[in-house]
Structures are given as C-alpha cells and as structure tokens.
C-alpha cells in the first residue's frame, strides 16, 4: 500500500524518520548499489557524503532513490525518488538529490479470503475474488 507524499510535505516526513536513509544507485553492471547515508537539507535538496562507488554511479546514472525504513513493524517506509549530482570537494564526494516523487509504503495486509475487504483492500477493474462486480 502506497500513499503519495507531496514534495511540500516531504520535509516533515523526513524529519519524522531522522537523518539516515539508504541511497540506492545503479552500478555499471546494472546491479543495485545500496549504502546507508546521513542526509541533511540544503535548500530544496537532500545532501550527503558518499564513497567512490556511489559517486561513480550517480555521475553515470543520476536517477536515484532514498529509502527511509519503517521505524516499527507494520509501519510505513518513506521512498524518495530524485535526480542526483556529484559536487566535487576536497577529498570528499557530496551527492545532492533533488526529490521528484515520494511515497509512504508498507506491505498490504494479507487478506483473509473468508472475510470482507479491510481498509487496505481496493477493487480493481470491477472484479473481486474472481467475480465480476457488475
């Protein structure tokens, strides 16, 4: 189940989860590369220091995601998609991410086939449990 987060509401959602998240990039061999980073705001961008592999990945493929894990079982994770750039520095590599989309996400409850739909259940294409809703 996903709930969109407006870019205006993103600061609040990030603040509720603290300063650490996973930065997800794509390596040259098209494998995902995940590292835990400490993030902060600079203007409208999230910034962090990264290692050589993350910097190389961002330079080649700037589409990235940030994953703030759920704080408790059954809670929502925050997933932020964005466009990143590497800012060169003295011995450090800083990545700056401009958020483009954000959602709160958690697995949907496993439905009990004998029970009526719960709050997380939504009908799709007018069909429920294999029967037409017409």
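We did not get these values from a lab; they are worked out from the coordinates using the rules stated. Just so it is clear, the structure is predicted and the values come from calculations on it, not from any experiment. Neighbour counts are summed over all protein chains in view; Cβ atoms, including those assigned to glycine, are modelled from backbone coordinates with ideal geometry.
Side notes on the structure shown:
- Using the Cβ-Cβ distance between residue 26 and residue 71 with R0 = 25 Å, the FRET efficiency computed as 1/(1 + (r/R0)^6) comes to roughly 0.40.
- Sorted by Cβ neighbour density within 10 Å, fewest at the top, the residues 22, 68: 22, 68
- Theoretical gain in end-to-end length, residue 63 to residue 8 [0.36 nm per residue, Cα-Cα removed]: 17.8 nm
- Least to most buried among 3, 79 (fewest other Cβ within 10 Å first): 3, 79
- Binned Cα-Cα distance frequencies in the range 2-108 - 10 Å width, integer %: 15, 49, 29, 6, 0
- Summarising the label geometry, the points placed 7 Å from Cα in the beta-carbon direction at residue 83 and residue 15 lie 2.8 nm from one another.
- Label-point separation, residue 53 to residue 105 (7 Å along Cα→Cβ), nm: 2.1 nm
- Least to most buried among 54, 2, 65 (fewest other Cβ within 10 Å first): 2, 65, 54
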